[in-house]
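Written out below as structure tokens is the structure these notes cover.
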Amino acid sequence: MASVKQCHYEVLGVALDSTADEVRSAYRRLALQHHPDKLVQSGISQSEATTQFQELQHAYEVLSDPKERAWYDSHRSQILFSDPNSFGSSVIHDLFSFFSNTVFNGYSDSDKGFYQVYSDVLG
């Protein structure tokens, strides 16, 4: 998981007041440009290419769903600008990013498998 939080609107390159069609169009354009197969050919590692593409997919999943988008819009500042270290020594996970099926690859105990990812979070 990336340590720098990036706004979903910035990931897709759209304005806060963009329409559903603008969000969809931006996603399609960027998905073609940033597909892992194309990024790997340009010299980026497979894991970095996959991470970038998953970030793009997650942004689209949130902004393309009206209810998810409304929730994100109302909590955007807290998500992007909260300081997880402000609670002392306790470790606060960025749980918002784990509400997506792009976080894991299949139901297994592998490094990116469902059981390993969520056992690390809940651990």
| So which residues in segment 2-41 are over 18 Å from TRP71 (Cβ atoms), touching a residue at least 24 places away in the same chain (Cβ under 8 Å) and among the small types (Gly, Ala, Ser), if there are any at all? | ALA2, ALA31
| said: Given the criteria within 15 Å of ARG76 (Cβ to Cβ), touching a Leu at 6+ places or on another chain (Cβ under 7 Å) and not small (Gly, Ala, Ser), does LEU16 qualify? | reply: no
| request: Having 3 or more residues that are more than 12 Å from the chain's Cα centre (by Cα) and at pLDDT 75 or above is the bar; report the helices (runs of 4 or more DSSP H) wholly within segment 5-123 that clear it. | output: 20-33, 36-41, 46-64, 66-81, 114-122
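The values are calculated or read from the model by the stated rules, or taken from the named source; none is laboratory data. Remember, it's a predicted structure, so these values are computed and weren't measured experimentally. All Cβ positions, glycine included, derive from the backbone under ideal geometry; neighbour counts span all protein chains shown.
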